[in-house]
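Colleague: The structure that follows is given in the form of structure tokens.
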Amino acid sequence: MARPVAKKTYDALMMDSGAMLSNACLCDFCFDGTEDEFTTRFGALQNAVRRGATVDDLDYALGSGMKLTALVKKYGSNVVFPQTLDDEMEE
């Protein structure tokens, strides 16, 4: 079962509403950063969910720049998310 932060992010992506995102969403999905970085990453994930990525896919990738990058790449994006602490702990 997907965590609430993944569900909230999925809903925000589907409704095209960055304003719906909590601070946890911003952090866990690497939306924090400049406005341009936010727009690029939000768009890449939005494209993924609109092409079939599920809330469970988001939940799996939550907190990992490498997993987020792999997820959006699966749906045709070349956006690279920054490496996170979770990524460093997996190495």
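The values are calculated or read from the model by the stated rules, or taken from the named source; none is laboratory data. Source: prediction; values computed, not measured. Glycine gets a Cβ as well: all are built from the backbone with ideal geometry, and neighbour counts include every protein chain shown.
Colleague: Find the residue count for segment 2-36, including only residues that are in contact with a helix residue (DSSP H, G or I) (Cβ under 7 Å, 6 or more places away or on another chain), assigned to a helix (DSSP H, G or I) and of a type in the set (S, T, N, Q).
Modeller: 1
Colleague: In addition: Only one of D11, D28 is in contact with a Gly (Cβ under 8 Å, 6 or more places away or on another chain) and more than 15 Å from S77 (Cβ to Cβ). Can you tell me which? Outline the logic, then answer.
Modeller: Values: D11 fails: in contact with a Gly (Cβ under 8 Å, 6 or more places away or on another chain).
Only one candidate qualifies: D28.
Colleague: Check off (1) surrounded by fewer than 21 Cβ atoms within 10 Å (Cβ to Cβ); (2) in a helix (DSSP H, G or I) for S77 and give me the number that stays unchecked.
Modeller: Single failed check for S77: (2).
Colleague: From the residues in segment 48-91 that are polar (S, T, N, Q) and within 23 Å of P4 (Cβ to Cβ), which one is modelled with the highest pLDDT?
Modeller: Here the answer is T54.
Colleague: When you scan segment 5-19, how many residues do you find that are surrounded by 18 or more Cβ atoms within 10 Å (Cβ to Cβ) and either touching a strand residue (DSSP E or B) at 6+ places or on another chain (Cβ under 8 Å) or of a type in the set (S, T, Y) (or both)?
Modeller: Number satisfying all stated conditions: 2.
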